[in-house]
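Just so you know, all these numbers are worked out from the coordinates, no wet-lab data involved. All values derive from a computational prediction rather than experimental measurement. Cβ coordinates were reconstructed from backbone atoms using ideal geometry, including for glycine residues, and neighbour counts include every protein chain displayed.
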Amino acid sequence: MKAIHVGLLGLGTVGSGVVKIIEDHQDKLMHQVGCPVKVKKVLVKNIEKNRQIHIEKEILTTNVEDIISNPEIDVVIEVMGGVEDTRQLLIEALKAKKHVVTANKDLMALYGTELLSIATENGCDLFYEASVAGGIPILRSLVDGLASDRITKMMGIVNGTTNFILTKMTKLGSAYEDVLKEAQDLGYAEADPTSDVEGLDAARKMAILARLGFSMHVDLEDVNVKGISSVTDDDIDYSKRLGYTMKLIGIAQRENGKIEVAVEPTLLPETHPLASVNDEYNAVYVYGEAVGETMFYGPGAGSLPTATSVVSDLVGVMKNMRLGVNGRSAIAPQFEKQIKSPDHIFAQHFLRISVKDQVGAFSKITSLFSERGVSFEKILQLPIKNSNLAEIVIVTHKAAQSDFEEILQHLNDLAVVEKVKSTYRVEGNGSI
Ligand SMILES: NC(=O)C1=CN([C@@H]2O[C@H](COP(=O)(O)OP(=O)(O)OC[C@H]3O[C@@H](n4cnc5c(N)ncnc54)[C@H](OP(=O)(O)O)[C@@H]3O)[C@@H](O)[C@H]2O)C=CC1
Ligand SMILES: N[C@@H](CC=O)C(=O)O
Ligand code: NA
């Protein structure tokens, strides 16, 4: 039977893994799809570069047309990254009736809707499992495994780099910059790691998850984002003292048809299932009205885990080719997008405030909270050595985001408050 020919755009961390899996698992692939799978051409920037894997030099090219306009190539696998130019390339590939598999969340978060509709118009598949939570088959689980349910909440650790950094800072006391460098060396971080540490990479993934889970057209701008670059050792220490673990958490929840999607450093009780997800591992908790609680766990970044999702998508394309049903799996959103306003978003909050160590300071602060009906779950007050300042650490009960923001503004105006040093969302007290 005729072989399926693949054109690969990119041969870095993920691309090398794809080549390795296609070679090493050829028997399994042939058994599943009934024909050999061959990598025909690979686009790279620099042909002369030393590579981790062995590859015939004549397969490499710097001319994208060798892939996009190559009539022998059936499937284009995009693992090079980039947005605008890559979007044009993939549109060209789809119009040339090539199926596409991509790991590119930047692209799918911004142009996923457009690309999926071009794929459908051209009878092509466009699969992107690796774009969210690397090796975890989370998109297929939402689209197929939980297809019959109504999903109301998804919460997870969806960025390997930041989870790696926070784990090493928490468990080993490592310095932020050193661990970031380690994550880059291990191939977890993006080409520009700003998108990892500032939460944008996780926001892109949460937008994709919310779109599929809630069947709504969720845009990247709908996601409230805060990253981990301002998290300090002190914040981590205080969280530990209060029994919490700091994680970069993505939350997407739906209530009465309205949604909230956010990514922010969040404190979780140490006993929470997501608190024990460490290093580059990811986990996504999904709550469905009928199924109840489900949780998906696995490596969120790295060469072979991510490539596993890519090659499994390739198998999906090839199975559809055999059945003659390519280009029929994308489903248009069922619901109009409705975003929750801040007075409908409720969460607990951690605050660390330095105050003048004087009589009445504490009551001035507490009355700001009580005036808005916000009560405290935990409080810690400690003197700051060699100063006339004290540090107050508070964990509130659930409060509306609008009330909390108002309290913060007024706190900063109080004469007894030297500085609100940090605030974090707290999740998972009582339930996931
Ligand atoms: N690393 C990971 O764990 C994960 C990555 N992803 C996504 O997968 C994609 C690839 O990531 P990763 O493998 O880490 O990236 P790398 O930087 O390791 O590899 C990128 C590859 O693409 C090639 N390339 C980049 N730009 C061009 C261009 N303009 N023309 C030709 N070739 C180009 C590079 O060529 P050369 O080798 O010559 O420099 C390189 O081989 C990204 O979209 C990323 O977000 C998704 C999940 C996990
Ligand atoms: N940079 C990303 C790679 C996978 O998506 C991460 O760290 O999770
Ligand atoms: Na995945």
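Below is a table of values for the structure above.
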read-out	value
Low-density loop cleavage sites - trypsin sites (Lys or Arg not before Pro) in segment 2-49, where at most 11 other Cβ are within 10 Å (DSSP)	2, 45, 49
For residue 421, residues with placed amide H under 5 Å, excluding near neighbours	352, 353, 354
Candidates 291, 261, 179, ranked by Gaussian network fluctuation over the chain, Cα under 10 Å, top entry	291
Inter-part distance where segment 1-69 and segment 157-228 are each reduced to a Cα centre, Å	28
Principal axis dimensions, the chain - Cα atoms, whole angstrom, descending	84, 47, 34
Restricting segment 12-102 to GluC sites (Glu not before Pro) in coil, as DSSP defines it, with at most 15 other Cβ within 10 Å	48, 56, 72
Per-residue HN-Hα couplings for segment 161-170 [Karplus 6.51, -1.76, 1.60; θ = phi - 60°; Hz; x = Gly/Pro]	4, 5, 5, 4, 5, 5, 4, 5, 5, 6
Gyration tensor (alpha-carbon) shape descriptor, segment 1-97, a/c threshold 1.5	oblate
Max mean-square fluctuation residue, GNM over the chain, Cα-Cα springs under 10 Å, options 327, 373, 298	373
Interchain or long-range residues, amide H under 5 Å from residue 78's placed H	9, 101, 102, 103
Gain on full stretching of the segment that runs from residue 30 to residue 363 - 0.36 nm per residue minus C-alpha separation	112.7 nm
Under the Karplus curve 6.51 cos²θ - 1.76 cosθ + 1.60, θ = phi - 60°, whole-Hz ³J(HN,Hα) for segment 58-66, x wherever Gly or Pro sits	5, 6, 6, 8, 10, 9, 4, 5, 4
Contour minus Cα-Cα distance for residue 50 and residue 379 (0.36 nm per residue)	112.9 nm
222 nm mean residue ellipticity, helices alone, for the chain (DSSP H n ≥ 4; -39,500 (n - 2.57); rounded to 500)	-10500 deg cm²/dmol
Packing-based ranking, highest mean first, of 199-209, 228-238, 247-257 given that Cβ atoms within 10 Å are counted	199-209, 247-257, 228-238
Packing-based order for 387-393, 366-372, using average beta carbon neighbours within 10 Å, highest first	387-393, 366-372
Dipole of the chain, positive direction: furthest Cα of 83, 36, 308, with charges on the beta-carbon	36
Nonlocal amide H pairs with residue 337, under 5 Å, H built at 1.01 Å	217
Choice from 353, 91, 53 showing the highest fluctuation, given a GNM over the chain with Cα pairs closer than 10 Å	53
Residue-wise HN-Hα coupling along segment 188-195, computed from phi with Karplus coefficients 6.51, -1.76, 1.60 (Hz; x: Gly, Pro)	7, 7, 6, 3, 10, x, 4, 5
Stretchable slack from residue 182 to residue 397, in nm (0.36 nm times residue separation minus alpha-carbon distance)	73.7 nm
For residue 373, net neighbour charge (Lys/Arg +1, Asp/Glu -1) across residues whose Cβ lies under 15 Å away	-4
